[in-house]
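Heads up: the structure comes next, in structure tokens.
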Amino acid sequence: MSDGGAVTQDDRAAAPRAGEDLALSVVVLTMGNRPAELARAVRSALEQEHVDVEVVLVGNGVPGDWRPGDDEIFDDKRVVILRLPTNVGIPAGRNRGVEAASGDVILFLDDDGWYRSPRLGAHVRDRFAAEPDLGIISFRVRDPEGGRGERRHVPRLRAGDPERSSEVTTFLGGACAIRRAAFDAGGGLPEDFFYAHEETDLAWQVLNAGYRIVYDASAVMYHPAVLPTRHAMFYRYNARNRVWLARRNLPWPLALTYLAVWVGLTVLRERKPSALKPWFKGFAEGWRKPAGPRRPISWRTAWRMTLKGRPPII
């Protein structure tokens, strides 16, 4: 591992390609308003070496004649363009992309992110081939400006060392690779969530199906440093979906404990009425509105999560 986190030829080139028959599909969700960044993202996916790769480009809320841009990369025969006339949200948009994809492994990539190393795809393919119980790989997110990166991009409680790989219990939606069989076993992303916590909903079901999730610090993608609070609906959806997450996935004793813990943490962290008012509005909405089908994880899965350092009460 060198030059800022890229997978080099010394890392994986000599490894046997046991998974050479595993194909990759990179699903890129876009609202069509960043053509230059989108071209960079698509190019970084198609430049992956020694791996069969396609890009499924999902225009979320675009007209029927939408073109992603003038860059010639969009004319590559490996690019599939899917146009959704209504903005259906992040989880539904990604689900539509998976439905249109043909790969054995699905990678989700934000339209303003990109892969620096052309060997990332082969690294991901070979990990899935060598580890049949591996369901999801969460990538390390690097700041292109050279910053340390954000703690929330390391999906575990002890996030101080982003260069340390480990098993985890959730993943980053725009920086990951998922075995398609695990995605299907988990039931896909919960579409009613629209935005926030949809990855954790899928992750808990993937774990419950017997798969593992890893944070792989040698699998790197680049993304500008941005705050989730830039979205106007952040606090409301964050709280509503957290309630839905618990109602859908946890045994009731754990669900109630989980939500009580998060009420306490939110009050301690935020404190500002401008944040707490929409958060509690979303929290109430999460109880008032249907959460979708209830599929509580087993107590055995909850114990596995606890052993990995993230009991499902926080």
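Cβ-Cβ distances below 8 Å connect the following pairs, each with a first residue in region 210-229 that is modelled with pLDDT under 95 and among the aliphatic types (A, V, I, L, M), a second residue that is part of a loop (DSSP other than H, G, I, E, B) and surrounded by fewer than 22 Cβ atoms within 10 Å (Cβ to Cβ), and a separation of six or more residues or different chains: Ala225/Asp143; Ala225/Glu145; Ala225/Gly147; Ala225/Gly149; Ala225/Glu150.
Close contacts from region 32-44, counting a first residue that is under 8 Å from Asp112 (Cα atoms) and outside the structural domain of Arg116 (by TED's automatic domain parsing) and a second that is of a type in the set (A, V, I, L, M) and buried (at least 18 other Cβ atoms within 10 Å of the Cβ), with Cβ to Cβ under 6 Å and a gap of 6+ residues or different chains, come to none at all.
Quick grid of which residues meet (1) aromatic (Phe, Trp, Tyr); (2) modelled with pLDDT of 95 or more; (3) touching an Asp or Glu at 6+ places or on another chain (Cβ under 6 Å):
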position	(1), (2), (3)
Ala36	no, yes, no
Ala39	no, yes, yes
Arg43	no, yes, no
Val51	no, yes, no
Gly61	no, yes, no
Trp66	yes, yes, no
Asp71	no, yes, no
Asp76	no, yes, no
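Report yes if some residue within region 90-107 is assigned by TED's automatic domain parsing to the domain that holds Gly187, without any contact (Cβ under 8 Å) to a residue 12 or more places away in the chain and surrounded by fewer than 21 Cβ atoms within 10 Å (Cβ to Cβ); otherwise report no.
Initial filter on region 90-107 (assigned by TED's automatic domain parsing to the domain that holds Gly187): 90-107.
Applying the additional criterion that residues be without any contact (Cβ under 8 Å) to a residue 12 or more places away in the chain yields 99.
Add one more test, that the residue is surrounded by fewer than 21 Cβ atoms within 10 Å (Cβ to Cβ), and what stays is 99.
Yes, region 90-107 contains a residue that is assigned by TED's automatic domain parsing to the domain that holds Gly187, without any contact (Cβ under 8 Å) to a residue 12 or more places away in the chain and surrounded by fewer than 21 Cβ atoms within 10 Å (Cβ to Cβ).
Examine region 102-124 for a residue that is in a helix (DSSP H, G or I), over 18 Å from Tyr215 (Cα atoms), touching a strand residue (DSSP E or B) at 6+ places or on another chain (Cβ under 8 Å) and β-branched (Val, Ile, Thr), and state whether such a residue exists. No - not one qualifying residue is present in region 102-124.
Are any of the residues in region 294-314 touching a residue at least 24 places away in the same chain (Cβ under 8 Å), closer than 30 Å to Gly147 by Cα and in contact with a Phe, Trp or Tyr (Cβ under 9 Å, 6 or more places away or on another chain)? Explain how you work it out, then say what you get.
The first filter runs over region 294-314 and keeps only residues touching a residue at least 24 places away in the same chain (Cβ under 8 Å), leaving 294-299, 301-302, 304-305, 308-310, 312-314.
Narrowing the set further to residues that are closer than 30 Å to Gly147 by Cα leaves 308-310, 314.
Applying the additional criterion that residues be in contact with a Phe, Trp or Tyr (Cβ under 9 Å, 6 or more places away or on another chain) yields 314.
Checked against the condition, which is being touching a residue at least 24 places away in the same chain (Cβ under 8 Å), closer than 30 Å to Gly147 by Cα and in contact with a Phe, Trp or Tyr (Cβ under 9 Å, 6 or more places away or on another chain), region 294-314 yields at least one hit.
crowded, with 18+ Cβ neighbours inside 10 Å, aliphatic (A, V, I, L, M), part of a loop (DSSP other than H, G, I, E, B) and in contact (Cβ under 8 Å) with a residue 12 or more places away in the chain - does that describe any residue in region 165-185?
Scanning region 165-185, I find at least one residue that is crowded, with 18+ Cβ neighbours inside 10 Å, aliphatic (A, V, I, L, M), part of a loop (DSSP other than H, G, I, E, B) and in contact (Cβ under 8 Å) with a residue 12 or more places away in the chain, so the answer is yes.
The values are calculated or read from the model by the stated rules, or taken from the named source; none is laboratory data. Please read these numbers as outputs of a predicted model, since none were measured by experiment. Please note: Cβ atoms are built from the backbone with ideal geometry, for glycine as well, and neighbour counts cover all protein chains shown.
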